[in-house]
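In what follows, a single structure is set out as structure tokens and then discussed.
The values are calculated or read from the model by the stated rules, or taken from the named source; none is laboratory data. This one's a predicted model, so the numbers in the text were calculated from it and none came from an experiment. Every residue, glycine as well, gets a Cβ built from its backbone with ideal geometry; the counts of neighbours run over all protein chains shown. These area figures cover heavy atoms from the full protein model, side chains too; ligands, DNA and RNA do not enter into them. Shrake-Rupley method; radii C 1.70, N 1.55, O 1.52, S 1.80 Å.
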Amino acid sequence: MSDVKIENLKVAYGDNVIFDDFSVDFAEHKISVVLGGSGVGKSTLLNAVAGLLPYGGEIDAGGAEVSYIFQNDRLIPSITVYKNLDLILRGICKDKAERRRRIENMLAALEISELAGKLPRNLSGGQAQRVAMARAYLYPSGVLLLDEPFKALDTALKTRLIKQLIALHERENRTVIFVTHAIDECLLVADEYFVLAENPVRVSLSGEIKADKAARRLDDKELCEVRDVLLKNIASL
């Protein structure tokens, strides 16, 4: 496990400079939420951490492996849910019985055991995203990246998946960077938060939320106060 230190990050697409000498630290074992408007550079930041695009500067995750939950589930459509998950583990665990145990435990934790034999095309959006969560948590990474994983889901399902994410985090205790544009998602999951502003990207606001994540309610006094601070900052950008 490790914190993630970003120093003097530079990312540009041609003449369009997204990051220029950008530095930030994401705390070890915490859920760090990155907020900002569409197009500000949130996904670009995650892609740089994941090594999916060229960048200047330094990104140090202490040698930890990185797993990624994208907006789209990115499951292999031609094989079952179980085989999608088994594929992730084959290079890590040679014992077939042990792989099965891990997969079954993870499916049970996310309440989707009945989906093991289904093809991805037969899943709902919420089911597919839970499988994507299972895949990311099965991979033994120290750092987990989430790029607006609940963006297309209805409020009730989003709330349930957030609770499952919190439960998994309490069990696995990884360093998580969670990108979203939704303030309520931030309030429910964040240990710390960062608001990005652009041209080029900078941190316009950062802070902590110390309330127990498993017991948070959006009408809690602390969360209401943080919401007000976030709204004022975002409105000023």
Set LEU187, LEU196: member being modelled with pLDDT of 95 or more, outside any loop (DSSP other than H, G, I, E, B), open to solvent by less than 10 Å² (accessible area, probe 1.4 Å) and closer than 19 Å to ASP21 by Cβ: LEU196
Positions within region 45-89 being part of a strand (DSSP E or B) and closer than 16 Å to TYR137 by Cβ, in sequence order: VAL66, SER67, TYR68, ILE69
Selection count where residues are touching a helix residue (DSSP H, G or I) at 6+ places or on another chain (Cβ under 6 Å) and not in a loop (DSSP other than H, G, I, E, B), scope region 215-225: 1
PHE70 being aromatic (Phe, Trp, Tyr) and within 28 Å of GLY125 (Cβ to Cβ): yes
ALA136 vs. criteria over 11 Å from the mean Cα position of the chain (by Cα), of a type in the set (Gly, Ala, Ser) and either open to solvent by less than 10 Å² (accessible area, probe 1.4 Å) or over 22 Å from ARG90 (Cβ atoms) (or both): no
Test: residue in region 145-160 that is in a loop (DSSP other than H, G, I, E, B), open to solvent by 10 Å² or more (accessible area, probe 1.4 Å), among the basic types (Lys, Arg) and modelled with pLDDT under 90: yes
Single condition GLN71 does not satisfy, out of (1) touching a Phe, Trp or Tyr at 6+ places or on another chain (Cβ under 6 Å); (2) open to solvent by 40 Å² or more (accessible area, probe 1.4 Å): (1)
Complete set of residues in region 86-101 that are without any contact (Cβ under 8 Å) to a residue 24 or more places away in the chain and either open to solvent by less than 60 Å² (accessible area, probe 1.4 Å) or closer than 21 Å to ARG171 by Cα (or both): ASP86, CYS93, GLU98, ARG99, ARG100, ARG101
Hey, VAL203 touching a residue at least 40 places away in the same chain (Cβ under 8 Å) and crowded, with 21+ Cβ neighbours inside 10 Å or not: no
In region 99-144, the residues that are touching a Phe, Trp or Tyr at 6+ places or on another chain (Cβ under 8 Å) and not in a helix (DSSP H, G or I): ALA116, GLY117, LEU144
Criterion: modelled with pLDDT under 90, of a type outside the set (S, T, N, Q) and open to solvent by 70 Å² or more (accessible area, probe 1.4 Å) - qualifying residue of GLU104, GLU111, GLU65, GLU58: GLU111
Any chance VAL179 is within 29 Å of MET106 (Cβ to Cβ) and either without any contact (Cβ under 8 Å) to a residue 24 or more places away in the chain or of a type in the set (Val, Ile, Thr) (or both): yes
